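Novice: Sharing a structure, written as C-alpha cells. Questions coming.
The values are calculated or read from the model by the stated rules, or taken from the named source; none is laboratory data. Model, not experiment: these values are computed from the prediction. All Cβ positions, glycine included, derive from the backbone under ideal geometry; neighbour counts span all protein chains shown. Note: accessible area is taken over every heavy atom of the protein model, side chains too, but ligands, DNA and RNA are not part of it. Shrake-Rupley method; radii C 1.70, N 1.55, O 1.52, S 1.80 Å.
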Amino acid sequence: MTTKLFGEPVRRREDARLIVGQGRYLDDIGSGAYAAAFVRSPYAHARVVDIDVSGALEVEGLLAVYTYEDLTGPMAEPLPVLIPHPQLTHARTGYTLVRDVAHHVGEAVVMVVAVDRYVAEDAAALIEVTWEELPVVVGVDAAEAAVHAVHPDVPDNVAARHHQERGDVEAALAASAHTLSFTQYFERSASMPMEGKGVHARWDADDSALRVHSSTQASTSVRAAIAAKLELSLEKVEVIAPDVGGGFGVKIMHPWPEELLVPMAAIKLGHEVKWVEDRREHFISSAHERQQRQEVAVGYDDDGRITALDVLVWHDNGAYTNYGIIVPINTATQLCGPYDIPVYRARVNSVYTNTVLVTPYRGAGRPQGTFVMERTMDRIAQERGLDRLEVRRRNLIQNDQFPYDWGMTFQDGRPLVYDSGNYPGLVDKLEALVDWPGLEDRRAEAATRGKLLGAGMAMYVEGTGPGPYEGAHVEVLGSGKVLVSTGLTSQGQGHETVFAQLAASELGVPIEDVEVTTGDTRRFGYAVGTFASRAAVVSGNAVALAAKGVREKALRIAAELLEADPGDLEIDEGLVQVKGTPGASIPLRTVAVLSNPLRYAFDEAARQATQFAGPGDDSKPPIAVGDSPGLEYTDYYSPLRSTFAAGAHAAVVEIDPATWEIDVVQYAVVHDCGNVVNPMIVEGQVQGGVAQGVGGALYERMAYDRDGQLQNASFMDFLMPYASEVPDVDIDHQETPSPLNPLGIKGAGEAGVIPGSAAIASAIEDAVGRRIAAMPISPTELYDLMRSDGEQVPRLPSATGVPA
Amino acid sequence: MKPAPFSYADPDSLDEALAVLSAEGEGAKVLAGGQSLLPLLNMRLAAPTTLVDINRVPGLDQIEAGGSGVRVGALVRHAALLRSAEASAVQPLLARATANVAHPAIRNRGTTVGSIAHADPSGEMTAVLALTGGSVTVATPDGTSSVDWADLFLGPLETSVHGPAVVTSAFFPALAPRSGTAFAEVARRKGDYAVCGAGVMVTLDEDRRVASARVAYISVGLVPEVHDLTDAVVGRPVDAADWAAAGVMAQGLVDPDGDLHASADYRRLLVGALTARTLASAAAEAQERSA
Ligand SMILES: Cc1cc2nc3c(=O)[nH]c(=O)nc-3n(C[C@H](O)[C@H](O)[C@H](O)COP(=O)(O)OP(=O)(O)OC[C@H]3O[C@@H](n4cnc5c(N)ncnc54)[C@H](O)[C@@H]3O)c2cc1C
C-alpha cells in the first residue's frame, strides 16, 4: 500500500498554522467579552476579616464584583477531590473564592468583571481586604515538624500516607552484606506553559445553553464539572479546548476556580465573559510540583546487586489535594525503574504547606523517584569501586523476566506489571552513543582548557497510556474528506499529525484528506484527557480501531457495488479496488455517498444516492437491519493496564572552576517507546523533555521565603533555560513493542524530562568529586558546596567496567 | 498585568516634549524603547500619569564618532550601537559591552541612553559610561547642560536628572593610546542581566609597562563602581603582571549583596575571576595597540 504512514516522519501539520500566527488560542476568542480579574490573597495563611468593595464600585466600566457570599448551591461547596484514594485520609480542597481562610498566596478572594481587563484590574486594585495573618508552613521539613498546621483539623499536616511494599524490607536490609543510608532533597518547579490558563464563556439565554472555551487538557471533564457546579444539564454545556499553548500537566488539573466562576458570571450577566491568566497569576495560583525530601536505605551484596531498598519520602503537596496522590504514587511505584529489586518498600507522606497546590507536571513524581534510584546506583558503584554502567547492568531486569510483576498497584489502580522491555539493550546503546569508554580522554582534554569534565547517566521506566479509555470517531464525507475526532485534547504535541497518520494508514487515504479535531465536546463527548503520556497509546489505538470500523463498512458496501468479495478488496489512495483487477474500483467518497440512501438530491454527489438513481436491490431495505446510514464509525480503546516505556540518558558537563558555571556539553538519550508512529514527533518530545530536565536540574526553583511569598514569580527571576542553555540531544531509538495494545505502542510524552536531574547530578559529582544530594544546583550553590566540608566522592575511571 | 490609566503624548520636537513634561509635572515620564518602563507599568510597579514618547523627536538617533569620543543620541538602539564600526573604532568597549545587553529583540528597541537614564546597576552601559569617564547631555526647559557620570548615578534606578528633562545623548570618551579594553560577565542564562560583570581598561606606558588598570563592575554595588587596580600591577610588563593579584585587590574593594541568584561571596569570587580575565585580555590588546 502506498498510503502506509505508520512509522514515517510525517511533518507536523499543525506547525504552519501555529508558526504563522493563525493558531486560535483562548485569548483570540471573544473580543467583545467582558473581562474578569481577581483579587488574590497576598498572604500565605490568613483569615478574611472584611472585604470592602466600595472603592471598586466607583470605577466606570465595572459590571460585577463577586465574593464567596455570592456563591450558591454546589458553587459554595469545596472544589472536588478529583482522584479519591483510600490512603488520602485527609483530603482538603479550597473554594472557588476564599470562604474564610486563604491557604496560599494567590488564592482568589474576589472576582471583578468589567468592560475590559484594564478596567477590571483598576477596580480590583481598589478593593480592600482586611486580613488576620495566621502562622505559615513552608517546605516539607516545616510541614513534618508540624509546629503549625496548614489545616487546623490536620494537625500533623499529613494528607496521605502512601505505602507500597514487596517483601520484608527490614529483614532484608538486616541480612544485606552492605548497606547505605542517606537523605536527598528535590526542589519545586512548574509546568510553565507559554500560554497560561484562560476561560471564555458564552451563555445563550434563549436556549439555556453554555459554551465554554478553556485552555485545558481535559475538556470533557471540565464540562461535567461545570454542569455539576452550576446545576446545568450536561447536554446544555459545551466545552472546547481551542489551540492550547502548552500544558505539561498544569491544565489536567480541573476544574480551576476560574473555569467555574467565568461561566457563572457569563450566565448572571447574560454576556460573554473571559479571563486570561497573566504570568504572575500563573506563578501564584496555578500548580507546581516536585519538592520532596527522600530518606533512603539500601542493602546490596559484594557484587553491587541490590538486596533491599527502603525509601521514606516527604512529599510537599502544597495547600490542597485536589488531584489526589497521583504524584506520590508515581514516585513510589516508578522509583525502581528498570532494576530487579527483590525487596522494596516505599512510604510517601504527602504533606500540606502554605504554598500553591502540587499536581502533576510532566514526569509527575517520576523525576524524583529516578533521582533516588539512580543516585543510589552511583553510590553503590562508588562504594564497590564499580563502573556506573556496570553496576546498573548487574541490577537490570533481564529480557526473559517480562512480563515483570511487581506485586504493587499503579496510579491507574491496576497491577504494576512491566509489559515488555529490553533494558540491557538501552545500556549498550547509551554506552556507544556517548562513547563512555572515551570519557577519560575527554576529561583530560577538558583539563587542558582549565575545565572540569564529568559524565553521568540515569535510567527510567515510565508507566504510560493508563486507561480507563479513549474513543474516536471517524467519518468519510461525500467529498472524500475524512473527519477524525477525539475527546482527548492536544496542547501542541502533534496529535493532529499522528492521529491523521493512523487514520490514513488504516483507511488507505491520502493524509491530506484527513481532518482531525481534538478536545471539542460537541464532536466527541466521552474522554478522559491528555496526561501520563497516553494520547498515542490510548487515543491512537482508538483512532486506528474506529478507522478500521469505517474501512470494514466501506469494503462491505463496495463489495456489493463491485460484485466482489470484501476480502478481495483493498483501499489505496482513497480508491476501493479489487486486488489485482485494475479498473474494478470505486472511489471511497462515492462509497460514502452511497452509504446514506437519500430521498433528496441536495447536491450533485447526493444524486447518486437517491431512490431512482440506480437499479438497487428491492428485496432488502435500503439500510440493512443492524446497520446505520453514513460511512462513519466510533470505537473505543480501553487498555488492560498501563504500558511501560523506558530509556537511558547520559549527560556530560564542563565546569569552570573559576566561576563554577556548569555547561551541559553533551546529552544523549536512548529511548524505547515501543512501535514509533512518527519518529520526528517522538524526537521532538524527547528534546523538549530534556529542555525541561535541564531546567529542573540547573535553573528552575520556586523560591518561597519563610512567609510563603514566592520571591521569583516572574520570568525575570524564575529561570527557564533558553535555547542557548539546552544542548542538542543525541537520540537513539530502540523499539520493543507493547503486547498490550494492537499498535504495540508505548507513550513518549514525558520521558525526556524524567532522568534529567539524576543524570546531571551524577555528571557534576563526577566532575567535581563532591556529593550532590540536592537538586537543582546553581553555580553559587556549587561554589558553596566546594567550600563546605561536604562529602568527597571517589571518581572512578569510566573505562574499566570491571570491579577494581 | 495591565497598566493603570495614563495619558500619552508623542511630541515631534524636543521643545514640545519638554513643554509637556513641565506641564504634567512629577507624574510624567519619558518613554524611549520601553523595554524597562513598560514591564514596570504592566506590573503596576510604576504608575506615571503621563508618558512622553520621544520616539518622534527628530535628530536623536545619531551616533557621532570623532577623535575625542562617541556621542550616542537618545534614540540610538542598543543594536545600532553594537553594529557601529565607527563607534567601535573610537571606543571598542561600546560594542563589547553592548553585546551583553539582553537579547536581539530587546536590543532592537531598547536605547543605550535609556538604559543609562534608567540607572540600573546591572546595566552594562552604566558601567561603560563610568569607566570611560563619560557624561550625558540633559535638556530642560531652562537649557542644556552636561552631567558627568560621577554626578549622575545616585542609587539603583536613581539619577540626579530631575524635573522636566530629557537626556538627549551620552558621550563616551575615546580609548586613549596604548590602551586596551575588555568586558566579561557571568549571567545565569545567555542574555540575562549579569550576576556580575566587569569592564576594564588597561593603559601601558611608553615602555609597554602597565601604567594604569581600571575596572567598573555591574551587579556588584548600588551604582556602577569604578575601581583603580593600578597598584597591583603597575610597572609590570604585560606578560609578567599578576592579574590574579589585581583580582584579589578588587575583591577587597567591593561590597556586594546576595540575592536569589548569587550569594555575596559568590559575587566576590566572580569579581576576582572576571577581573583577572578581563585585565589580561585588555592588556594584550593594549600591547597590540602599542605596536
Ligand atoms: C528581558 C529583558 C532583558 C534585559 N536585559 C538587559 C541587560 O542584560 N542589560 C541591560 O543593560 N539592560 C537590559 N534590559 C533593559 C534594556 O536594555 C532597556 O532597553 C534599557 O534598560 C532601557 O532603555 P529603554 O530605551 O527601553 O528605556 P525605557 O524603558 O523607555 O525607559 C526606562 C527609564 O528611563 C527613562 N528614560 C529613557 N530614556 C530617557 C531619556 N532620553 N531621558 C530621560 N529619561 C529617559 C524612562 O523615563 C524610564 O524611567 C533588559 C530588558 C528586558 C525586557
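Novice: Just one of A:K251, A:K236, A:K268 is within 22 Å of B:M1 (Cα to Cα) and touching a residue at least 12 places away in the same chain (Cβ under 8 Å); which is it?
Specialist: A:K251
Novice: So which strands (runs of 3 or more DSSP E) are wholly in the stretch A:176-218 and hold at least 1 residues that are of a type in the set (V, I, T) and open to solvent by 40 Å² or more (accessible area, probe 1.4 Å)?
Specialist: A:178-186
Novice: Tell me, which strands (runs of 3 or more DSSP E) lie completely within the stretch B:110-169 with 2 or more residues that are open to solvent by 40 Å² or more (accessible area, probe 1.4 Å), away from the ligand (no atom under 13 Å from the Cβ) and closer than 23 Å to B:R96 by Cα?
Specialist: It comes to none.
Novice: Only one of B:A276, B:A280, B:A262, B:A246 is within 23 Å of the chain's Cα centre (by Cα) and more than 14 Å from chain A (Cβ to nearest Cβ); which?
Specialist: Within the list B:A276, B:A280, B:A262, B:A246, the selection yields B:A246.
Novice: Take residues that are over 29 Å from A:E475 (Cα atoms) and at pLDDT 95 or above and tell me which of the strands (runs of 3 or more DSSP E) falling wholly in the stretch A:619-693 contain 1 or more.
Specialist: Ranges flagged: A:643-655, A:662-672.
Novice: Could you run through the stretch B:170-182 and say how many residues are open to solvent by 30 Å² or more (accessible area, probe 1.4 Å) and within 16 Å of the ligand (Cβ to nearest atom)?
Specialist: The qualifying residues number 1.
Novice: What are the residues in the stretch A:589-643 that are acidic (D, E) and over 40 Å from the mean Cα position of the chain (by Cα), if any?
Specialist: A:D603, A:E604, A:D617, A:D618
Novice: If you don't mind, there's one more thing I want to ask. Which of the following residues is in the same structural domain as A:H103 (by TED's automatic domain parsing) and hydrophobic (A, V, I, L, M, F, W, C): A:V262, A:V298?
Specialist: A:V262
Novice: Further question on the same structure: Assess whether A:P80 counts as being more than 14 Å from chain B (Cβ to nearest Cβ) and in a loop (DSSP other than H, G, I, E, B).
Specialist: yes
Novice: For the stretch A:708-730, how many residues are more than 9 Å from chain B (Cβ to nearest Cβ), crowded, with 19+ Cβ neighbours inside 10 Å and in contact with a helix residue (DSSP H, G or I) (Cβ under 8 Å, 6 or more places away or on another chain)?
Specialist: Of the residues in the stretch A:708-730, 6 are more than 9 Å from chain B (Cβ to nearest Cβ), crowded, with 19+ Cβ neighbours inside 10 Å and in contact with a helix residue (DSSP H, G or I) (Cβ under 8 Å, 6 or more places away or on another chain).
Novice: Pull up the stretch A:661-679, narrow it to residues that are open to solvent by less than 30 Å² (accessible area, probe 1.4 Å) and hydrophobic (A, V, I, L, M, F, W, C), then point me to the one that is nearest to the other protein chains (Cβ to nearest Cβ).
Specialist: That would be A:I662.
Novice: Check whether at least one residue in the stretch A:266-288 is closer than 24 Å to A:Y185 by Cα and part of a strand (DSSP E or B), and report yes or no.
Specialist: The answer is yes, given that some residue of the stretch A:266-288 is closer than 24 Å to A:Y185 by Cα and part of a strand (DSSP E or B).
Novice: Among the residues of the stretch A:39-68, count how many are under 30 Å from A:V150 (Cα atoms) and either assigned by TED's automatic domain parsing to the domain that holds A:T353 or loosely packed, with under 14 Cβ neighbours inside 10 Å (or both).
Specialist: Residues that pass the stated criteria total 3.
Novice: Just checking, which of B:Y217, B:Y193 is away from chain A (no Cβ under 14 Å), within 24 Å of B:Q35 (Cα to Cα) and among the hydroxyl-bearing types (S, T, Y)?
Specialist: The unique qualifying residue is B:Y217.
Novice: Take the residues in the stretch A:386-401 that are assigned to a loop (DSSP other than H, G, I, E, B) and not hydrophobic (A, V, I, L, M, F, W, C); name whichever of them is surrounded by the most Cβ atoms within 10 Å (Cβ to Cβ).
Specialist: A:D387
Novice: Yes or no: B:S212 open to solvent by 20 Å² or more (accessible area, probe 1.4 Å) and assigned to a strand (DSSP E or B)?
Specialist: yes
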